[in-house]
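Asks: Structure incoming, see below.
The values are calculated or read from the model by the stated rules, or taken from the named source; none is laboratory data. Predicted, not measured: the structure shown is a model, and the values here were computed from it. Every residue, glycine among them, receives a Cβ derived from its backbone with ideal geometry; neighbour counts consider all protein chains shown.
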Amino acid sequence: MTLARLSQQNRNQLIIAVVLEAFCFLGGLAMYFITDKMIWIIIGVVAGTGFTLPLILKLFSASKENDDA
C-alpha cells in the first residue's frame, strides 16, 4: 500500500491523524520541559498512537481485501 493508492478521503484522514499525533507528542514534550519528567513524552507518544494506529490498521485491512478480490 502506498500513499498514491489511497483515496482522497483516506489520505485526508491519515493527514489529520498524523497532525493530531504530532500535537500529542509536542504536548508531551512541552510537559517534559515544564516538569522534567520523561513520562510525559511517553504519554504523548502513546496517546498519539490512538489516532494513527486504528486508521493504519483499517487501511491495511481494506488494502488486503482489495488485493484478494
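Asks: Could you give me the residue pairs with C-beta distances under 7 Å whose first residue belongs to region 29-58 and is surrounded by 12 or more Cβ atoms within 10 Å (Cβ to Cβ), whose second residue is not in a helix (DSSP H, G or I) wherever it lies, and which are 6+ apart or on separate chains?
Replies: Listed pairs, sorted by first residue: Tyr32/Met38.
Asks: Determine whether region 61-69 contains at least one residue that is surrounded by 15 or more Cβ atoms within 10 Å (Cβ to Cβ), out of contact with any Asp or Glu (no Cβ under 8 Å at 6 or more places or on another chain) and modelled with pLDDT under 90. Steps first, please.
Replies: Taking region 61-69 as the starting set, the residues that turn out to be surrounded by 15 or more Cβ atoms within 10 Å (Cβ to Cβ) are 63.
Filter again for out of contact with any Asp or Glu (no Cβ under 8 Å at 6 or more places or on another chain), leaving 63.
Filter again for modelled with pLDDT under 90, leaving 63.
Yes: region 61-69 contains one or more residues that are surrounded by 15 or more Cβ atoms within 10 Å (Cβ to Cβ), out of contact with any Asp or Glu (no Cβ under 8 Å at 6 or more places or on another chain) and modelled with pLDDT under 90.
Asks: Applying the selection to region 2-17, what residues are aliphatic (A, V, I, L, M) and surrounded by 14 or more Cβ atoms within 10 Å (Cβ to Cβ)?
Replies: The initial filter retains those residues of region 2-17 that are aliphatic (A, V, I, L, M), namely 3-4, 6, 14-17.
Within region 2-17, Leu6, Leu14, Ala17 qualify.
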